Amino acid sequence: MSSDFRAFPADPATAARLGRLGLDYRVLSPDDHEALTAWSQAEHRGFHHPRPTPETLEREGALLQDRRVQGVYDPGLGDAIPVATVASWPTGLSVPGGRSVDGWAVAAVTVAPTHRRRGIARAMMQAELANAVTAGAAVAVLTATEATLYGRYGYAPAARAATLEIDRRRVEWAGAEAPGRVRFVTDAAGFRRTAGQIVRRQVARTPGEIDRWPALVDRVLGLEDPAGEPARATRVARYDDERGQAHGFVSYRIARDGMGAGVLEFDFLAAASDEAEAALWRFLLEQDFVSTVRARLRSIDEPLRWLLADQRAITTTIGDHLWLRILDPVAALEARRYEGPGSLVLELDDPLGHAAGRYALEVSARGVAEVQRLDGGADASSTTRAATAPTRRSKPAHGLRLGVDALAAMYLGDARASLLARAGRVEETGPGSLAVADRLFATNRAPRLSIWF
Ligand SMILES: CC(C)(COP(=O)(O)OP(=O)(O)OC[C@H]1O[C@@H](n2cnc3c(N)ncnc32)[C@H](O)[C@@H]1OP(=O)(O)O)[C@@H](O)C(=O)NCCC(=O)NCCS
């Protein structure tokens, strides 16, 4: 991955396209404090957030130092505030098998309501795919405000998230006793390093998670603005094993309406082991004077229902969360592990061109894949491989024809090929191919992304 991802120029095709609309498309310098402040104001406005305080602007300015920040400006307005924003950065994405693939995260996509539906978002999104390729990413990732925005650029939901609502009065723990103990974190600053390590371990063991940044851990520990209301309402508890080693922590709050029992809410429970995860769940579910526990951004195959005597205590709502776009099928497919052995030819359709082509996926008994491009496509790295690599099997028996978005939906194990085929999104090119694809891409842990970005 290019370490200089903030330095390469604004995508020329996008700059020209927006130029024809009388707009300037710019990369902001990390040193241009004023421009970054104006950019943050535009982003808050774009997401319908309140105006940011000077402290928020300062904090965000620090975070933006590690991102490629781009804005679209309307010179006709004589205004420093851009009419559109986007920020992006290189990130690892955890994939099945405990490894990670080079990804490109895209966030903060906003277009001012005064400038909507002129193709500004489309121009920026296409530029981000070009930026990702320039940076050497195999995939691009994002989270979306609306599910109708990003399919048109080849993204698909690749990891869903569950909101669990648990009726506290019906909770009876049926799981094992944890050998360690849960205790409150009273020195959040002192816990920062350990929390960062736990988070990294959680990310590594969960396909679909992206690399975390330090400010994120500070926020959940209440260190970002300790005197602010959200931080004061937040409690942090950790799980230590019997040797006193921390393996998980949760950041939660309890809201109360008048004299009634509280509603406990959390969206950040990081666990490096199943034991820590179960123990923290139990701690949260057994709080007195709480009627409901609401957990967001949880896995869709949470073991929780097997830890309770009454599974109907849990109401689950599932939605799309991580959106993934495959740019380099060779690098992406070789990064993950499979339930091998087996082979498949993938005929990929990609209206934007990046990944279109025929690819042979050959998986060893150990689940390691070798991928060869079978046609000479536009993508330079893949083309080079195709020109030099011999085709391992001239006539593989199994194959799929599918769009690049369908491959993204399958990639982390979220959607089975056979399910997508039932929806007309995947077609098998030979009998039995769907069953082979289902087996190869199967994972023992559902993909999950447990943050917004
Ligand atoms: C979503 C948003 C970025 C779109 O910006 P825009 O410049 O109006 O979008 P464009 O004109 O480039 O539209 C591109 C395509 O997306 C479609 N589109 C745009 N907004 C859409 C929406 N809210 N729902 C469904 N489709 C939408 C357009 O119809 C167009 O389709 P087509 O080119 O395939 O025919 C803008 O409305 C916005 O800032 N919304 C609020 C913040 C937000 O939700 N941002 C997304 C963060 S994940």
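Looking only at the stretch 308-327, count every residue that is outside any strand (DSSP E or B) and open to solvent by less than 30 Å² (accessible area, probe 1.4 Å) and tell me the total.
Here the count works out to 2.
Can you find a residue that is assigned to a helix (DSSP H, G or I) and without any contact (Cβ under 8 Å) to a residue 60 or more places away in the chain anywhere in the stretch 259-279?
So the first thing to find is which residues in the stretch 259-279 are assigned to a helix (DSSP H, G or I), and the list is 274-279.
Subset that is without any contact (Cβ under 8 Å) to a residue 60 or more places away in the chain: 274, 277.
Yes; the residues of the stretch 259-279 include at least one that is assigned to a helix (DSSP H, G or I) and without any contact (Cβ under 8 Å) to a residue 60 or more places away in the chain.
Quick check: anything in the stretch 141-148 in a strand (DSSP E or B), modelled with pLDDT of 95 or more, away from the ligand (no atom under 16 Å from the Cβ) and under 16 Å from the mean Cα position of the chain (by Cα)?
Scanning the stretch 141-148 turns up no residue that is in a strand (DSSP E or B), modelled with pLDDT of 95 or more, away from the ligand (no atom under 16 Å from the Cβ) and under 16 Å from the mean Cα position of the chain (by Cα).
Take residue 166 and tell me if it is of a type in the set (A, V, I, L, M, F, W, C), more than 16 Å from the ligand (Cβ to nearest atom) and either open to solvent by 40 Å² or more (accessible area, probe 1.4 Å) or in contact with a strand residue (DSSP E or B) (Cβ under 7 Å, 6 or more places away or on another chain) (or both). So that I can check it myself, show each step before the final result.
Values: of a type in the set (A, V, I, L, M, F, W, C): yes; more than 16 Å from the ligand (Cβ to nearest atom): yes; either open to solvent by 40 Å² or more (accessible area, probe 1.4 Å) or in contact with a strand residue (DSSP E or B) (Cβ under 7 Å, 6 or more places away or on another chain) (or both): yes.
Judged against the criteria, residue 166 is a match.
Has the stretch 73-91 got any residue that is open to solvent by 30 Å² or more (accessible area, probe 1.4 Å), free of Cβ contacts under 8 Å to residues at least 60 places away in the same chain and closer than 20 Å to residue 322 by Cβ?
No, there is no match, as no residue in the stretch 73-91 is open to solvent by 30 Å² or more (accessible area, probe 1.4 Å), free of Cβ contacts under 8 Å to residues at least 60 places away in the same chain and closer than 20 Å to residue 322 by Cβ.
Please find, among 57, 63, the residue that is touching a residue at least 24 places away in the same chain (Cβ under 8 Å) and either of a type in the set (Val, Ile, Thr) or surrounded by fewer than 22 Cβ atoms within 10 Å (Cβ to Cβ) (or both).
63
Which numbered condition in (1) more than 25 Å from residue 276 (Cβ to Cβ); (2) not in a helix (DSSP H, G or I) is the only one that residue 334 fails?
It fails just one condition, (2).
Does residue 118 qualify as being more than 16 Å from the ligand (Cβ to nearest atom), modelled with pLDDT of 95 or more and surrounded by fewer than 23 Cβ atoms within 10 Å (Cβ to Cβ)? Give the derivation first.
On the way: more than 16 Å from the ligand (Cβ to nearest atom): no; modelled with pLDDT of 95 or more: yes; surrounded by fewer than 23 Cβ atoms within 10 Å (Cβ to Cβ): yes.
No: the conditions fail for residue 118.
Can you go through 334, 370 and tell me which one is open to solvent by 60 Å² or more (accessible area, probe 1.4 Å) and modelled with pLDDT of 95 or more?
Of the residues listed, the single one that is open to solvent by 60 Å² or more (accessible area, probe 1.4 Å) and modelled with pLDDT of 95 or more is 370.
Just checking: which of the strands (runs of 3 or more DSSP E) contained wholly in the stretch 46-112 hold 3 or more residues that are in contact with a Leu (Cβ under 8 Å, 6 or more places away or on another chain) and within 16 Å of the ligand (Cβ to nearest atom)?
68-73, 99-111
Which residues, taken from the stretch 28-43, are open to solvent by 20 Å² or more (accessible area, probe 1.4 Å) and under 24 Å from the mean Cα position of the chain (by Cα)?
43, the sole residue that qualifies.
Looking at 238, 183, 152 in this structure, which one is away from the ligand (no atom under 16 Å from the Cβ), open to solvent by 80 Å² or more (accessible area, probe 1.4 Å) and not in a loop (DSSP other than H, G, I, E, B)? Reasoning before the result, please.
Working: 238 fails: open to solvent by 80 Å² or more (accessible area, probe 1.4 Å); 152 fails: away from the ligand (no atom under 16 Å from the Cβ).
Being away from the ligand (no atom under 16 Å from the Cβ), open to solvent by 80 Å² or more (accessible area, probe 1.4 Å) and not in a loop (DSSP other than H, G, I, E, B) holds for just one of 238, 183, 152, which is 183.
Quick test for you: out of 437, 446, pick the one residue that is at pLDDT 95 or above, under 26 Å from the mean Cα position of the chain (by Cα), buried (at least 23 other Cβ atoms within 10 Å of the Cβ) and not hydroxyl-bearing (Ser, Thr, Tyr).
Checking each option against the conditions leaves just 437.
Hey, among 105, 132, 144, 159, which residue is open to solvent by less than 20 Å² (accessible area, probe 1.4 Å), in contact (Cβ under 8 Å) with a residue 12 or more places away in the chain and in contact with a Gly (Cβ under 7 Å, 6 or more places away or on another chain)?
159
Looking for something assigned to a strand (DSSP E or B) and either more than 21 Å from residue 156 (Cα to Cα) or at pLDDT below 50 (or both) - is there at least one such residue anywhere in the stretch 387-396?
Within the stretch 387-396 (the criterion being assigned to a strand (DSSP E or B) and either more than 21 Å from residue 156 (Cα to Cα) or at pLDDT below 50 (or both)), the answer is no, since none of the residues qualifies.
Quick check on residue 243: is it over 25 Å from the mean Cα position of the chain (by Cα), open to solvent by 20 Å² or more (accessible area, probe 1.4 Å) and either outside the structural domain of residue 271 (by TED's automatic domain parsing) or at pLDDT 95 or above (or both)?
yes
The values are calculated or read from the model by the stated rules, or taken from the named source; none is laboratory data. Nothing here was measured: the structure is a model prediction, and the numbers come from that model. Cβ sites come from the backbone with ideal geometry, for glycine too, and all protein chains shown count toward neighbours. Areas reflect the complete protein model, heavy atoms only, side chains present, ligands, DNA and RNA absent. Shrake-Rupley method; radii C 1.70, N 1.55, O 1.52, S 1.80 Å.
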